[in-house]
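Here is the structure we will look at, set down as structure tokens.
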Amino acid sequence: MKNYKWFVFDLDGTLLNNAGEITDENRKAIALLKAQGKQVIIATGRHDLIANKYLYELGLTAPIIACNGALIKDVRSDKVLYMKVIEQVVALKFLAYCERNQLDYLVYTPKAIYYSENSQRINLVREYNNNVKKELQAPNYSVKALDASKQAIIKILVMNQDKHILEKLNKDINKDGSLTIVASGKGLIDIMNSGISKGNALIALSEHWDMNLEDTVVFGDNHNDISMFKVAGLSIAVANAEEELKKAANYVTMSNDESGVSYAIYKYVLKEHMRKR
């Protein structure tokens, strides 16, 4: 059994159950990894501003990969280790498109989240803020307060239930390939600068942190996790994952509502350790 040293977890649909919580079983498995000296890393489409709660709950100190790979931040110092923003002209063009088409969207800048006037997705941010102490709350404002000509934009999130929305966005606004547009959940589309992915961010982190990606285990559930599966030594999809991701995985574990992360850690990663005890 290979001695894996780094464990990378997607949040929504993977480490979190459908209620947005870390189950006791997953919490215990993460604690066991930490007790063995393993490094636990979160790689999420979320802004770190609405992921910090889980870092604190699990006592994690490793850098977080946020905004689908467009941002890597040191958890302890809050220092940005890596960030790629959308080019200003491209961002302005995309935001104008969102407004013309009355899309529900959020804009992620380094220090805040901005929401469209018709946004329902902002309710997730407000719910998050209602459940954390004040210092962990994410600043959020109307897009009317956003000056996209001056502020750095890391990611734009579009919420739309049209099953063809990804293809439509690529056709209408990304013919030159200046953006990365990827599904991150049901009805959720992430828009970042060209070349951005969790996998590329994991490579960047490995170079910064002297990680061997062959010694890395990644967990995920959606299309935006495929890039990580391609570069890690071991990849595990939860049972509720998209079929494309399951096909790319080394193993498929139980669902996020069944503590699939915990099940996989014990079955595929730590079974030799457990047998010796």
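Below 13 angstrom from the Cβ of A232, what's the summed charge of the other residues (Lys, Arg +1; Asp, Glu -1)? It would help to have the intermediate numbers written out before the result.
Details: positive: K2, K5, K198, K230; negative: D10, E214, D215, D225.
That works out to 0.
Say the cut-off is 19 Å between C-alpha atoms; which of K73/K230; K171/K247; K2/K34; K155/K198; K111/K150; K38/K246 go over it? All intermediate terms of the calculation are to be shown ahead of the outcome.
On the way: K73/K230 22 Å; K171/K247 27 Å; K2/K34 17 Å; K155/K198 13 Å; K111/K150 14 Å; K38/K246 25 Å.
Listed pairs above 19 Å: K73/K230; K171/K247; K38/K246.
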Determine, for each peptide in 70-76, 222-228, the mean count of other beta carbons within 10 angstrom over its residues, then list the peptides with the highest first.
-> 222-228, 70-76
Over the stretch 88-193, relative contact order from alpha-carbon pairs under 8 Å, at least 6 apart, % = 28 percent
Please report, in whole Å, how far the alpha carbons of the stretch 88-193 spread along each principal axis, starting with the longest.
-> 43, 31, 21
Using a Förster distance of 30 Å, how high is the FRET efficiency between K168 and N131, based on the Cβ-Cβ distance and rounded to 0.05?
-> 0.30
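Among bridges DSSP assigns within the chain, what percent are antiparallel (round to 5)? Mind dumping the intermediate values first?
Values: 24 of 42 bridges.
Looking only at bridges with both residues in the chain, the antiparallel portion is about 55 percent.
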Based on the Cβ-Cβ distance of D210 and L32, what FRET efficiency does E = 1/(1 + (r/R0)^6) give at R0 = 35 Å, to the nearest 0.05?
-> 0.90
When only DSSP loop residues count, what trypsin sites (Lys or Arg not before Pro) in the stretch 144-178 have their Cβ near at most 15 other Cβ atoms within 10 Å?
-> K150, K163, K175
What residues qualify as long-range amide H neighbours of I41, i.e. H under 5 Å apart, gap of 5 or more or another chain, H built at 1.01 Å from N?
-> F7, V8, F9
With each run of n ≥ 4 DSSP H residues scored as -39500 (n - 2.57), what mean residue ellipticity at 222 nm is computed for the chain after dividing by its residue count and rounding to the nearest 500 deg cm²/dmol?
-> -8500 deg cm²/dmol
Can you give me the Cα centroid spacing of the stretch 43-90 and the stretch 176-197 in angstrom?
-> 17 Å
Mind checking which aspartates and glutamates have their C-alpha under 16 Å from K134, skipping anything on the same chain fewer than 8 residues away?
-> D48, E57
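With an 8 Å Cα cut-off and a minimum separation of 6 or more residues, compute the relative contact order for the stretch 1-101 in percent. All intermediate terms of the calculation are to be shown ahead of the outcome.
Values: 116 pairs, mean separation 19.2, N = 101.
Computed value for the stretch 1-101: 19 percent relative contact order.
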Only Cα pairs under 8 Å and at least 6 apart count here; give the relative contact order of the stretch 145-217 as a rounded whole percent.
-> 28 percent
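Rule-based calculations on the coordinates, nothing more; no lab input. Because the structure is predicted, anything quoted here is derived from the model rather than measured. We place every Cβ from the backbone using ideal geometry, glycine too, and count neighbours over all the protein chains shown.
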